[in-house]
1. Calculate what fraction, in whole %, of the accessible area of the range 115-203 sits on carbon and sulfur atoms when a 1.4 Å probe is rolled over the protein chains.
2. Roughly how many Å² is the accessible area per residue of the range 71-125, as a whole number, for a 1.4 Å probe?
3. Which value, in Å³ per residue, describes the convex hull spanned by the Cα atoms of the range 246-298?
4. Per residue of the range 120-129, what does 6.51 cos²θ - 1.76 cosθ + 1.60 with θ = phi - 60° give for ³J(HN,Hα)? Whole Hz please, x for Gly and Pro, Karplus curve as stated.
5. Scan the range 242-290 for GluC sites (Glu not before Pro) in coil per DSSP, keeping those whose Cβ has at most 13 other Cβ atoms within 10 Å, and list them by number.
6. When the C-alpha atoms of the range 159-257 are aligned to their principal axes, what extent does each axis show, in angstrom, from largest down?
7. Counting only residues 5 or more places away or on other chains, whose amide H sits under 5 Å from the amide H of LEU294 once H atoms are built in the peptide plane?
8. Please check which bits of the range 82-112 a label hung off ASP138 would reach, taking the label as a point 7 Å along Cα-to-C-beta and the cut-off as backbone N under 20 Å.
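The values are calculated or read from the model by the stated rules, or taken from the named source; none is laboratory data. The structure displayed is predicted, hence computed values, not measured ones. Reconstructed Cβ throughout: ideal geometry from the backbone, glycine too, with neighbour counts over all protein chains shown. For the accessible areas, the whole protein counts, side chains as well, though only heavy atoms, and no ligand, DNA or RNA atoms are used. Shrake-Rupley method; radii C 1.70, N 1.55, O 1.52, S 1.80 Å.
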Amino acid sequence: ITMFLSPAAAVLLLLPTALCFTSSPTSRNSVGNTVGLDNYSVNENASSTSSLIPELNDASRSISSNEQLLPSSPFGVIFDMDGTLIKHSINFAEMRQRIYEVVDADPIGKDLEKDCVLEMPQRLTEEGQRKCHEVFVDIEQRAVDNMQLQDGGAELVQFLIESGLKTAVLTRNMEKNVAHMMELYKNEMSINDDDVTIFDPIVARNTKANPSDDEPLKSKPNPDGILHICKLWGCEPSEVIFVGDSANDDMSAANRAGCGGAVLLQPGGCQLDTDSGYAVGDTEAEIMERTPSLCVESLSDLKLCIESCLTNKRKMALYNLK
């Protein structure tokens, strides 16, 4: 049964299922998350493809009763960028349309089955790759120009840093765009030191595990980026919380890596279009991969949840001293 409780109460109870938290009047959607009916207007980019998101039925909720929603002693938090640390601004519908048009006109691409728009260009002719690159630059630059921080993001990141937790970014965007986002966060947090890095490491779609590598790390939903970050941090994935807005990309990557917490952020309770075009399966195992351990409608809600985890940790430490 999906429970709807205050963030603090739910974490204290450590209920063995994917929970969804909200502070507004709610109604359930197909994912089991909550939708604030009184203060949400439908975004024109909202996805209408219900198959992209798992149904939280009894089979997909078969989580062991002794598992917790989040790690009791988290080492760090890895964030997706677009739609998570910043507000959703990339038009994936336009991206799919324009890339597929290039693919259809390409001598090699015309015979290919439509797949992830971020991966198809490398299978095209040099001219096709160039045209796809131009599409990405155009759409992503517009998103950078309109970039806005996610509500509650600066407060959450500040809290994590002050609490001694590591913070990193794993995104399918480009490194230069992540750098721009980080500067916005530093300005919001009144950090003027150019040498201060609030997200470390940053893993983007053009990031290599080693400078000598021929290819960058594989993008989500592949777990390689998360495992790379954990290796650099010197921790296990089970000690890490991953936060993203896509069940297909973010939750799948987090669950495949074995993260201790897979948090799905859905501002206003709505699943926006973050589909890059690849097919998703509907077997029980594939649905489980896309199922979050925790759903939140805001980063402020997530801050309350992590605060509760850390408070419980301190209380247990004091109790053990007695």
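1. Details: 1890 of 4480 Å².
For the range 115-203, the apolar C and S fraction of the accessible surface comes to 42 percent.
2. Per residue, the range 71-125 has an accessible area of 42 Å².
3. Values: hull volume 4.1 nm³, N = 53.
In the range 246-298, the Cα convex hull volume per residue is 78 Å³.
4. With coefficients 6.51, -1.76 and 1.60, one gets 4, x, 5, 9, 9, 5, 4, 5, x, 5 Hz.
5. Numbers: sites: GLU284, GLU286, GLU289; in loops: none.
Answer in residue order: no site qualifies.
6. Each principal axis gives a Cα extent; for the range 159-257 these are 36, 29, 26 Å.
7. LEU19, ALA262, LEU264
8. Of the residues in the range 82-112, 89-107, 109-110 have backbone N under 20 Å from the label point off ASP138.
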